[in-house]
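Read-outs throughout are calculated quantities, based only on the coordinates presented, and are distinct from any laboratory measurement. As the structure is a prediction and not an experimental result, all values here were calculated from the model. Positions of Cβ are generated from backbone atoms using ideal geometry, with glycine treated the same way; all protein chains shown enter the neighbour counts.
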């Protein structure tokens with residue numbers, strides 16, 4: 001294998017191998033040395049200690065100098081004045097880098113003024129974080145960077161803590177014009193500074209701006225309003241992805257009291273444009289900007305211009321139910337064209353059902369929900385009729401109880417379901433199995449099933465007999481508060497997808513019993529699925545027949561000490577039967593993973 005793999009394949013493998021392991025792989029044979037050493041040294045984080053070693057003339061076996069030609073990305077930690085003075089020497093050593101990240105932390109001495117940017121002309125990605133800047137700093141920076149012909153990705157971050165300071169040092173539209181004037185080949189732009197308001201008198205000038213045709217992805221702070229969106233629409237006609245990031249230190253205000261006349265005025269302003277992001281496919285934002293501006297205006301304008309947005313990511317952190325309505329108001333105008341949706345919702349009342357505000361998505365094929373509130377699975381399947389992938393995190397999953405949803409027996413084309421860190425009952429997954437006969441992939445990671453789902457025989461039965469799975473992944477399954485470490489995979493051998501109901505009296509074609517234990521044979525402890533032998537299975541079955549008495553007896557003794565990921569050593573498998581057995585009964589399953597290998 002070592003001799004036959006081509007360099008291109010080895011280089012690809014090396015990128016995905018952990019850094020320490022990659023260095024070991026470089027020693028396998030001469031054929032592996034170059035690709036794995038290149039990957040190992042591709043990224044270098046430089047601090048004060050490393051700068052001294054790089055600049056040391058006495059060290060004849062300097063690994064940093066020997067491998068300098070392999071380094072493609074440099075990241076500079078906080079640098080002192082003395083470190084900054086070493087920049088010229090560092091630049092001579094690392095002339096082939098393509099990516100650079102560093103931090104500007106001094107008011108009177110800017111690193112970008114010291115750097116000889118002509119030596120780093122191959123740079124394609126640049127990220128600069130500012131702790132401080134004067135109003136003229138950015139324009140000086142852009143002038144310096146104009147010598148970089150290959151720069152396509154540029155990120156400017158502000159690390160200021162004070163929101164008042166951010167307002168004073170906001171980025172104006174003239175700053176952005178200067179940026180594009182000097183960096184004409186940008187494809188990706190991320191500006192984390194607050195955006196200054198655009199004066200009314202500047203609107204006529206904005207209509208004459210030169211478009212930045214090469215830019216396809218932007219990310220700006222969400223201190224936004226209609227004039228700034230107007231400017232972006234003119235500046236970035238070929239935009240495919242737009243993101244407005246919220247400042248973690250800011251306290252947002254709600255848009256429910258946004259003046260209705262101003263709302264209509266904003267709509268009219270944006271509708272005067274000849275086009276509005278005609279190529280836009282991805283939107284990543286919050287329903288409400290920091291300054292109360294509702295993003296439903298943005299989405300209404302997308303609908304007005306017939307823009308077919310395909311993917312959205314919305315974040316909402318609120319204790320206000322009105323904000324949930326704001327999210328629905330944002331999504332409704334563009335719901336018909338959406339194919340992928342990410343919804344991150346943290347609602348203070350986890351008894352609130354997010355699906356009370358759920359709208360119809362006729363063409364959605366992929367839905368990711370991280371909600372911290374209740375989700376009604378039947379509502380989602382009915383409101384997303386062509387959904388193929390459903391990913392749910394941090395939620396309580398239930399059925400709505402509404403007859404028009406629960407009693408709908410029509411089949412659904414869902415093929416893949418992933419549930420993580422969620423509370424639910426076996427009934428929910430059985431409901432999915434019944435309605436989604438094309439289901440091929442199921443992943444349950446840290447799922448809390450209701451304690452009353454476990455029978456008196458100690459079996460937590462998940463009967464998904466309608467499902468013919470290709471892949472099943474189970475990890476950290478709980479019954480109430482207890483982790484269930486015993487797992488049984490039963491395969492009924494059903495291949496007829498038109499069955500009305502499975503035959504519960506039918507014996508499984510195949511039944512495999514496993515104990516998820518702590519693998520202590522390796523230096524790094526991991527969870528391991530150990531398959532029980534025939535005699536062990538018989539013991540476990542007898543335990544389940546007398547489960548209540550034996551459980552009470554075992555729990556009188558000292559509780560088990562579970563270590564890594566709440567797992568116990570293999571020798572304690574009998575004692576762990578007191579927490580029950582998780583039984584998955586499916587029509588068939590080609591591959592299943594019960595430990596941490598695929599999580």
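With a point put 7 Å past each Cα toward its Cβ, work out how far residue 317 is from residue 421 in nm, to one decimal.
It works out to 1.4 nm between the two label points.
What is the Cα centroid distance between the range 209-247 and the range 58-120, reported in whole angstrom?
Between the Cα centre of the range 209-247 and that of the range 58-120, the gap is 32 Å.
Quick one: of the DSSP bridges fully inside the chain, what percent are antiparallel, nearest 5?
15
Considering the values (i) 61, 33, 27; (ii) 50, 36, 21; (iii) 60, 29, 24, which represents semi-axes √(5λ) of the Cα gyration tensor in Å as calculated for the structure under consideration?
Step by step, semi-axes √(5λ) of the Cα gyration tensor in Å for this structure corresponds to label (ii).
Stretch residue 131-residue 520 to full length: gain in nm at 0.36 nm per residue minus the Cα-Cα span?
The span from residue 131 to residue 520 would gain 135.3 nm if fully extended.
Could the peptides 35-45, 443-453 be put in order, highest first, of the mean number of other beta-carbon atoms found within 10 Å of their residues?
Listed from highest to lowest mean packing, they are 35-45, 443-453.
Quickly work out the residue 77-to-residue 188 label distance, labels modelled 7 Å from Cα along the C-beta direction, and quote it in nm with one decimal.
Taking the two extended label points, one gets 2.5 nm.
Test of understanding: what is the full-extension gain from residue 93 to residue 292, defined as 0.36 nm times their sequence separation minus their Cα-Cα distance?
Length difference between fully extended and current span is 66.7 nm.
Could you state the angle between the C-alpha long axis of helix 173-182 and the longest principal axis of the C-alpha atoms of the chain, as a value from 0 to 90 degrees rounded to the nearest 10?
80
Would you mind ranking 567, 396, 585, 510 so that the residue whose beta carbon has the fewest other beta carbons within 10 Å leads the list?
510, 396, 585, 567
When only C-alpha pairs under 8 Å and at least 6 residues apart count, what is the relative contact order of the chain, in percent?
Computed value for the chain: 6 percent relative contact order.
Helix 7-16 against the longest principal axis of the chain: what's the angle in degrees, Cα atoms only, rounded to the nearest 10?
80
Got a sec? Which residues in the range 371-401 would a label at residue 452 touch, if it sits 7 Å along Cα→Cβ and we count backbone N under 18 Å?
Answer for the range 371-401: 396-401.
Take every Cα pair under 8 Å in the range 1-42 that's 6+ residues apart, average their separations, divide by the length, and report that relative contact order as a whole percent.
Contact order relative to length: 43 percent.
Please determine, in degrees from 0 to 90 and to the nearest 10, the orientation of helix 426-435 with respect to the longest principal axis defined by the Cα atoms of the chain, where the helix direction is its Cα long axis.
80
For the pair residue 590 and residue 5, what calculated FRET efficiency results from E = 1/(1 + (r/R0)^6), where r is the Cβ-Cβ distance and R0 = 25 Å, to the nearest 0.05?
Approximately 0.35, to the nearest 0.05.
Please give the contour-minus-distance gain from residue 552 to residue 470: 0.36 nm per residue of separation, less the Cα-Cα distance, rounded to one decimal in nm.
25.7 nm
If you rank 344, 213 by fewest surrounding Cβ atoms within 10 Å, what's the result?
213, 344
Once you sort the root eigenvalues of the Cα gyration tensor of the range 1-42 as a ≥ b ≥ c, which label holds: rounded (a/c under 1.5), prolate (a/b larger than b/c) or oblate (the other case)? Write out the running numbers ahead of the final one.
Working: a/c = 1.78, a/b = 1.38, b/c = 1.29.
Prolate.
Where does each of 424, 155 land when they are ranked from fewest to most other beta-carbon atoms within 10 angstrom?
With the fewest neighbours first, 424, 155 line up as 155, 424.
Using label points projected 7 Å from each Cα along Cα→Cβ, tell me how many nm separate residue 308 and residue 368, to one decimal.
Spacing of the two 7 Å Cα→Cβ label points: 2.3 nm.
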